[in-house]
Amino acid sequence: MGYQFDFTVLQPYLPTFGRGLLVTFQLAGVCLLLGFTAGLLLALLRSSRIAPLVWPSAVFIEIFRNAPVLVQLVWFYYAFPVLIGATMSAFAAAVLALSLNTAAFSAELFRGGIQSIHRGQWEAGRALGMSNLTLMRRIILPQAIKRMIPPLTNRAIELTKMTALASTIAVPELLYQGRLINAVTFRPIESYTVVAVIYLIILWAGTILVNRLERRLGESD
Amino acid sequence: MTLSDPTNDQPPAADRAPRGASGPAARANGAPVLKLEGIHKSFGGSEVLKGIDLEVAAGETVVIIGASGSGKSTLLRCINFLELPDAGRVYLKGESVGTTVSTRRGERLVFKEQELNAMRRHVGMVFQSFNLFPHMTVVQNVMEGLVSVLRLKRDEARTRALRHLEAVGLAEKTEQYPSRLSGGQQQRVAIARALAMEPDVMLFDEATSALDPELVGEVLQVMRDLSLGGMTMVVVTHEMGFAYAAADRVIFIHQGQIHEQGTPEEILKHPKQERTKAFLRGLDHI
């Protein structure tokens, strides 16, 4: 192998990587917020005993859990705008697809977390005269979310990785920028290695942060 | 909301066992704090409660005894509607719980969440397994209902919570998490949590059954003090010593019905019914 590694040729493109990383963060952040919020709502709907609420949420969850994310992404970018008769930016399509996918997966995590809380906690809250909403907000969710931090972290890391798929519909995120840089420098090894290392660093840092948070929350155990 | 008929001729609660130290003014008030009428409850196919009538006067301590599966815990849970009775009525301070609606099949009692919650804040409950909120400190546990249900201001709630924690001997533990406490301490926190709501009646569902033997005493002592202090209490327990010492009335439940009731002396020392005798023979501690 006579390949001469030369990362210095990428130096002029550092701001480009930076812009890509920013878009990756934006996409992941928005999708995480929307996805987890919608996931929690779906979990509450599915856990309610009201059939007209349970059914649609169950169907929704199954659809988005069982279709490949790449297919969802492409569908929201090319098919959905035709259906609703409006144009949609690549970023918006990516937000929709990734948020809904995250919602479906996290809904099952939230539901599992809520169900894992002992019946006695519900009864203690009810016996005090708490409404279901107060009970959920003050007693059940704080305990459930604490238990769900490891699986939710995994979900967040998974989502951050999935944002790379948005490069296929030309969302200018990190991988997309890497491809552009490769196209002008003809340096695939260097370009894609830098992309991979950046992903590695941010996800690893994220994991460490969450582990710390988990330890702090664990003080009452 | 339906009010109970004030003219109904239930016997006054005067024929209860006399008891020395207790007896606040509320006792003179003839209306029962709690009244159950024809409570029925089935789980699946089996009928657990087969028509229970019970009146509890202000300041009275009623102890319910009976074998496992006799329905005594279910009865207690029907009082604050953790289990919804299939039939029958519960009156708290003369007011019936539930709303009567007319359907094609006749009148039916429905229980709205809001109405049940409003009622439950006047009924304290202590569970076998404590059920403290593990993510809150001791004082936060006691404050929680005061703040989120009674809407007290935080400092007011804290003052009240500390007062009740002191009363159960836990002034030192207020900033601990429940997991750091012994079972007996946890149960005393649970009692303080219920008492802080200033309920009209306290329900104890086998409050000492999950405790190590050496921790039972401290919890029974708190319950005993409470009873002497004039709290209206309905206690499900296997502690016959407590029943004998603290009860105004002992009720023996057998197969979902009140089989025999009377003073502790009558029921625990001189039971008349064979079933009661057999149950008491099966226990070796009194």
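The values are calculated or read from the model by the stated rules, or taken from the named source; none is laboratory data. The shown structure was predicted, so the numbers you read here are calculated from the model rather than taken from an experiment. Reconstructed Cβ throughout: ideal geometry from the backbone, glycine too, with neighbour counts over all protein chains shown. Just so you know, the surface numbers come from the protein's heavy atoms only, side chains and all, with ligands and any DNA or RNA stripped out. Shrake-Rupley method; radii C 1.70, N 1.55, O 1.52, S 1.80 Å.
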Among the residues of the stretch B:131-162, which ones are small (G, A, S) and more than 10 Å from every other protein chain (Cβ to nearest Cβ)? B:A157, B:A161
Starting from residues that are surrounded by fewer than 16 Cβ atoms within 10 Å (Cβ to Cβ) and in contact with a Phe, Trp or Tyr (Cβ under 9 Å, 6 or more places away or on another chain), keep the ones in the stretch B:237-286 and report whichever is farthest from B:L220 (Cα to Cα). B:Q273
Scan (1) more than 20 Å from B:S129 (Cα to Cα); (2) within 11 Å of chain B (Cβ to nearest Cβ); (3) without any contact (Cβ under 8 Å) to a residue 12 or more places away in the chain; (4) aliphatic (A, V, I, L, M) for the single condition A:A127 breaks and write down its number. (1)
Among the residues of the stretch A:165-183, which ones are within 12 Å of A:T16 (Cα to Cα) and part of a helix (DSSP H, G or I)? A:L174, A:L175, A:Y176, A:Q177, A:G178, A:R179, A:L180, A:I181, A:N182
Got a sec? Which of A:I139, A:I145, A:I149, A:I114 is out of contact with any Lys or Arg (no Cβ under 6 Å at 6 or more places or on another chain), in a helix (DSSP H, G or I) and away from chain B (no Cβ under 14 Å)? A:I114
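Results for (1) over 23 Å from A:R138 (Cβ atoms); (2) polar (S, T, N, Q); (3) in a loop (DSSP other than H, G, I, E, B); (4) touching a Cys at 6+ places or on another chain (Cβ under 6 Å), shown as yes or no for each residue.
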site	(1), (2), (3), (4)
B:L54	yes, no, no, no
B:L76	yes, no, no, no
B:L82	no, no, yes, no
B:G88	yes, no, no, no
B:E115	no, no, no, no
B:M119	no, no, no, no
B:G124	no, no, no, no
Against the definition (away from chain B (no Cβ under 14 Å), open to solvent by 10 Å² or more (accessible area, probe 1.4 Å) and in contact with a helix residue (DSSP H, G or I) (Cβ under 8 Å, 6 or more places away or on another chain)), how does A:L98 come out, yes or no? no
Restricting the first residue to the stretch B:110-130 and requiring it to be within 7 Å of chain A (Cβ to nearest Cβ), which pairs with a second residue that is among the β-branched types (V, I, T) and open to solvent by less than 30 Å² (accessible area, probe 1.4 Å) meet a Cβ separation below 8 Å and a spacing of at least six or different chains? B:N117/B:V149; B:R121/B:V149
Meets criteria (in contact (Cβ under 8 Å) with a residue 60 or more places away in the chain, in a helix (DSSP H, G or I), out of contact with any His (no Cβ under 9 Å at 6 or more places or on another chain) and hydrophobic (A, V, I, L, M, F, W, C)) for A:F17: yes
Restricting to the stretch B:196-227, give me the number of residues that are within 14 Å of another protein chain (Cβ to nearest Cβ), hydrophobic (A, V, I, L, M, F, W, C), under 18 Å from B:T61 (Cβ atoms) and open to solvent by 20 Å² or more (accessible area, probe 1.4 Å). 0
Out of B:G256, B:G184, I need the residue that is at pLDDT below 95 and touching a Leu at 6+ places or on another chain (Cβ under 8 Å). Which one? B:G256
Can you confirm whether B:A161 is over 18 Å from the mean Cα position of the chain (by Cα) and surrounded by fewer than 19 Cβ atoms within 10 Å (Cβ to Cβ)? no
Report whether or not A:R49 is part of a helix (DSSP H, G or I), at pLDDT below 95, at negative phi and open to solvent by 40 Å² or more (accessible area, probe 1.4 Å). no
Among what's in the stretch A:192-221 and is in a helix (DSSP H, G or I) and among the acidic types (D, E), pick the residue that is most open to solvent (accessible area, probe 1.4 Å). A:E219
Report yes if some residue within the stretch A:29-46 is touching an Asp or Glu at 6+ places or on another chain (Cβ under 6 Å) and either at pLDDT 90 or above or open to solvent by 60 Å² or more (accessible area, probe 1.4 Å) (or both); otherwise report no. no
I'm trying to understand the selection: among the residues of the stretch B:163-181, which are away from every other protein chain (no Cβ under 12 Å) and in contact with a Leu (Cβ under 7 Å, 6 or more places away or on another chain)? B:H164, B:A171, B:K173, B:T174
Sole residue being open to solvent by 60 Å² or more (accessible area, probe 1.4 Å) and either touching a residue at least 60 places away in the same chain (Cβ under 8 Å) or polar (S, T, N, Q) (or both), chosen from A:I145, A:I114, A:I189, A:I169: A:I189
Yes/no for A:T160 being touching a helix residue (DSSP H, G or I) at 6+ places or on another chain (Cβ under 6 Å) and either more than 10 Å from chain B (Cβ to nearest Cβ) or part of a helix (DSSP H, G or I) (or both): yes
